[in-house]
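Peer 1: Please see the structure below; I have some questions.
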Amino acid sequence: MLAHAQWCAACRGRLLAEPDAVFIGRALSAAEKEVLARLTEEDFTTPGTLARALESTVSELDSYSDHPVARLRHF
């Protein structure tokens, strides 16, 4: 989900504006939902800023973005 939002402005806007609606039907833990709900537009400035906001690595985010569903599935 996040790999798609990184590159799709429409889905990123929806995630930032209505995170609870985006989470419906997705297998996310409470901790994952909390982290995703805290994201801001500024966190998406670069892959590095997004990785820092998620306490992750850029390479981990890149590995998710290679999945075909992440590239094509809109929220």
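The numbers here are math on the coordinates, done by the rules we state, and not lab data. Because the structure is predicted, anything quoted here is derived from the model rather than measured. For neighbour counting, all protein chains shown are included, and Cβ atoms are generated from backbone atoms with ideal geometry for every residue, glycine included.
Peer 1: Looking at Leu28, Leu54, Leu36, Leu16, can you tell me which residue is hydrophobic (A, V, I, L, M, F, W, C) and either on the phi > 0 side of the Ramachandran plot or in contact (Cβ under 8 Å) with a residue 40 or more places away in the chain (or both)?
Peer 2: Values: Leu28 fails: either on the phi > 0 side of the Ramachandran plot or in contact (Cβ under 8 Å) with a residue 40 or more places away in the chain (or both); Leu36 fails: either on the phi > 0 side of the Ramachandran plot or in contact (Cβ under 8 Å) with a residue 40 or more places away in the chain (or both); Leu16 fails: either on the phi > 0 side of the Ramachandran plot or in contact (Cβ under 8 Å) with a residue 40 or more places away in the chain (or both).
Within the list Leu28, Leu54, Leu36, Leu16, the selection yields Leu54.
Peer 1: Taking segment 1-60 as the region of interest, how many residues are charged (D, E, K, R) and surrounded by 14 or more Cβ atoms within 10 Å (Cβ to Cβ)?
Peer 2: Step one: list which residues in segment 1-60 are charged (D, E, K, R), which gives 12, 14, 18, 20, 26, 32-34, 38, 41-43, 52, 55, 60.
Right, trim to surrounded by 14 or more Cβ atoms within 10 Å (Cβ to Cβ) and you get 12, 14, 32-33, 43.
Residues flagged as charged (D, E, K, R) and surrounded by 14 or more Cβ atoms within 10 Å (Cβ to Cβ) within segment 1-60 amount to 5.
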